[in-house]
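Read the figures in this text as sums done on the coordinates, not as results from a lab. If you're wondering where the values come from, they're calculated on a predicted model, not measured in any experiment. When we count neighbours, we look across all protein chains shown, and the Cβ atoms used for this are built from the backbone with ideal geometry, even at glycine.
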Amino acid sequence: MMSAPEIRFTAPELDTLPPPGHPILTLPERISPHAATLETMILEWADSYRLLETDRQRERLADIRRLRAVAR
């Protein structure tokens, strides 16, 4: 029985940025005091362009933490 050859794969574009141990990763995570306002504005923007066709899509947008990421 033959064993499968070991395949090495590297993809630098998939590396974590910043790399583990980078000083910026030690900074405390803070959320802007304007986060709720920003989230509301983003949802209103999506509604104004009719980007969300269903209530479920709107709920999913509101639930994702990308809005929180923007507020950071």
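Return the calculated 222 nm mean residue ellipticity for the chain, to the nearest 500 deg cm²/dmol, obtained by summing -39500 (n - 2.57) across DSSP H runs with n ≥ 4 and dividing by the residue count. Could the numbers behind the result be given before it?
On the way: 3 runs with 29 residues, N = 72.
Taking each H run of at least 4 residues, the total per residue is -11500 deg cm²/dmol.
Kindly rank 45-52, 28-35 from highest to lowest mean number of other beta carbons found within 10 Å of each residue. Each step should come with its number before you reach the end.
On the way: 45-52: 10.9, 28-35: 9.2.
Ranking the peptides 45-52, 28-35 by packing returns 45-52, 28-35.
Using the scaling law 2.2 N^0.38 Å as the reference, what is the normalised Cα Rg of the chain? Don't skip to the end; give the middle numbers.
Values: Rg = 20.2 Å, N = 72, 2.2 N^0.38 = 11.2 Å.
Taking the Cα Rg and dividing by 2.2 N^0.38 Å, one obtains 1.81.
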